1. Applying the selection to the range 460-480, what residues are free of Cβ contacts under 8 Å to residues at least 40 places away in the same chain and open to solvent by less than 80 Å² (accessible area, probe 1.4 Å)?
2. Tell me which residues, restricted to the range 286-309, are under 18 Å from residue 238 (Cβ atoms) and open to solvent by 70 Å² or more (accessible area, probe 1.4 Å).
3. Yes or no: the range 494-512 includes at least one residue that is open to solvent by 50 Å² or more (accessible area, probe 1.4 Å), over 24 Å from residue 390 (Cα atoms) and either at pLDDT 60 or above or among the aromatic types (Phe, Trp, Tyr) (or both).
4. Working only within the range 262-272, note down all residues that are open to solvent by less than 80 Å² (accessible area, probe 1.4 Å), over 30 Å from residue 85 (Cα atoms) and not aliphatic (A, V, I, L, M).
5. For residue 275, only one of the following conditions fails: (1) closer than 22 Å to residue 365 by Cβ; (2) open to solvent by 30 Å² or more (accessible area, probe 1.4 Å). What is its number?
6. Is it true that residue 330 is closer than 18 Å to residue 376 by Cα, open to solvent by less than 80 Å² (accessible area, probe 1.4 Å) and in a helix (DSSP H, G or I)?
7. Can you pull out the residues in the range 474-507 that are of a type in the set (A, V, I, L, M, F, W, C) and part of a loop (DSSP other than H, G, I, E, B)?
8. Go through (1) more than 21 Å from residue 464 (Cβ to Cβ); (2) free of Cβ contacts under 8 Å to residues at least 40 places away in the same chain and name the single condition residue 423 misses.
Amino acid sequence: MMEKGKKVKQKKAKETVVDDGYGDCWSWIVEKGTIVTFVTIALFAMLVRVAVSYHPYSGAGNPPKFGDFEAQRHWMEITLNLPIKEWYRNSTGNDLSYWGLDYPPLTAYQSFIHGLFLRFFHPDSVSLFTSRGHESYLGKLLMRWTVLSSDALIFFPAVLYFVIVYYNQPSGNRRSDIPWHIAIILLNPCLIIIDHGHFQYNCISLGLTIGAVAAILSGKDLVASVLYCLAINHKQMSAYFAPAFFSYLLGKCLRRKRPLVEVSKLGLVVIGTFAAVWWPYIYSVDSILEVLSRLAPFERGIYEDYVANFWCTSSVLIKWKRLLTTQSLKFLSLTATILTCLPSMIQQIKSPSNRGFLYGLLNSSFSFYLFSFQVHEKSILLPLLPASLLAVEEPFLFRWFMQFAMLSMFPLIYRDELVLAYVSLLALFMFIFYAPGQHKIRESNCFTGIPIMYLPILCFSFILHVVYLIMCPPEKYPFLFEAVIMLLCFCQFILVTICTNLKQWALNKLIKFEEMKKKLI
């Protein structure tokens with residue numbers, strides 16, 4: 001009788017654990033283990049990407065320059081048909097005014113490899129000169145497959161690496177959160193709609209960055225350095241994360257027996273990685289400067305379109321481009337970016353920790369997005385990456401940020417005729433976020449008062465979407481709706497930035513408390 005009673009109690013206890021932490025929709029996946037869980041969700045995430053890729057892309061049927069789709073195709077055309085030393089040089093075969101290469105060499109190598117793939121199946125799509133504006137069905141299909149394969153080969157494995165490392169840390173992360181966390185990262189609506197709708201290859205640089213983050217969390221600092229250098233050499237915007245990597249690794253080196261040796265090792269790895277990527281261009285200073293001049297388009301001005309950062313938002317009142325020269329604006333934006341990065345960097349140099357590093361990534365990327373020179377709407381993908389990695393710890397913050405990140409890109413999405421994909425992806429995100437059986441949202445202390453404002457702001461956001469779709473702005477203010485969206489999103493981003501900086505500094509108290517506990521033991 002006693003044995004039966006024990007069995008009944010154990011059975012009830014198990015049922016309680018399952019009901020409390022997980023709903024039926026996830027339990028069958030969890031029981032299969034991390035790899036099966038990941039593969040199952042990854043297959044669904046890939047199907048979603050395929051579905052989005054059937055929608056229009058940037059500049060579809062819009063000559064003479066089309067859009068980002070044509071830019072990526074043109075880079076394949078250039079890298080395939082011209083010598084490597086001419087890829088960044090203006091010439092009769094390479095007119096830089098027509099989508100000249102403006103990303104680092106690793107993007108050029110990627111374009112070359114993808115170009116080989118296109119040439120094998122459809123040579124006309126990448127032939128020199130004659131392929132400009134090429135939009136055949138097969139050509140578009142092959143282009144879409146290059147992005148899907150990049151996701152499958154780089155971004156997805158990097159996410160798996162991160163999840164395995166993150167949930168094997170002694171930090172109290174619940175393994176029952178794994179499926180939800182994987183789904184949140186792989187089904188990021190902003191990333192999917194930009195890469196597979198608008199058309200770009202952000203999955204490569206972001207995948208390399210996630211791999212670097214996972215290597216940091218697992219203590220493989222040299223591997224992390226290589227992966228992060230590759231990310232920067234694919235897209236220079238990956239430098240948004242540089243302050244976080246630099247401060248964490250420096251803080252860690254300073255706590256070792258031979259800090260100078262540790263710093264030297266990291267320095268040699270960084271120099272070696274850059275030298276390997278830039279090898280075809282390091283034969284002369286002029287050649288290096290030729291490439292660098294393409295990576296920093298200062299002539300475009302401090303901002304383009306209506307991006308929700310400080311310079312564009314404040315330009316409603318202060319006409320920066322009229323008041324100051326480009327040189328002055330470069331110095332001002334650099335100063336503002338460094339000053340806003342400093343608190344996060346100081347915290348990590350003083351008390352480096354894995355959790356603090358993730359907050360540091362978010363804070364440094366926000367500083368660059370909000371204050372650096374020449375930021376685009378799509379750059380919001382960079383702070384979104386660490387926010388998604390922290391989604392289990394900061395679910396409310398992540399949801400709030402994601403909703404306004406999507407809104408900030410809505411005018412761009414509308415121009416690309418991707419509204420249906422936009423609504424579908426946002427609905428899918430909300431469905432996953434509120435999946436049955438998931439943990440209740442744990443609100444940060446700095447967000448205690450925000451839920452009261454949550455509903456009115458969301459209602460206003462919804463109204464903005466409707467107004468943008470069905471109403472025409474006044475003739476006197478043709479960009480009024482874009483300006484209102486920009487202002488609303490900027491305010492939310494500032495709020496999130498303040499909160500995450502406070503959260504990062506609050507970790508110092510936690511670290512001191514843990515050290516005191518160890519001493520008592």
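1. Passing the criteria: 466, 467, 473, 474, 478, 480.
2. 292 - this is the single residue of the range 286-309 that is under 18 Å from residue 238 (Cβ atoms) and open to solvent by 70 Å² or more (accessible area, probe 1.4 Å).
3. no
4. Correct list: 262, 264.
5. (1)
6. Values: closer than 18 Å to residue 376 by Cα: yes; open to solvent by less than 80 Å² (accessible area, probe 1.4 Å): yes; in a helix (DSSP H, G or I): yes.
Yes; evaluated as a whole, the condition is true for this residue.
7. 479, the sole residue that qualifies.
8. (1)
The values are calculated or read from the model by the stated rules, or taken from the named source; none is laboratory data. Worth saying up front: this structure is predicted, and the values here are computed from it rather than measured. Neighbour counts run over all protein chains shown; Cβ positions are idealised from the backbone, glycine included. To get the accessible areas, we keep the full protein, side chains included, count just its heavy atoms, and leave off ligands, DNA and RNA. Shrake-Rupley method; radii C 1.70, N 1.55, O 1.52, S 1.80 Å.
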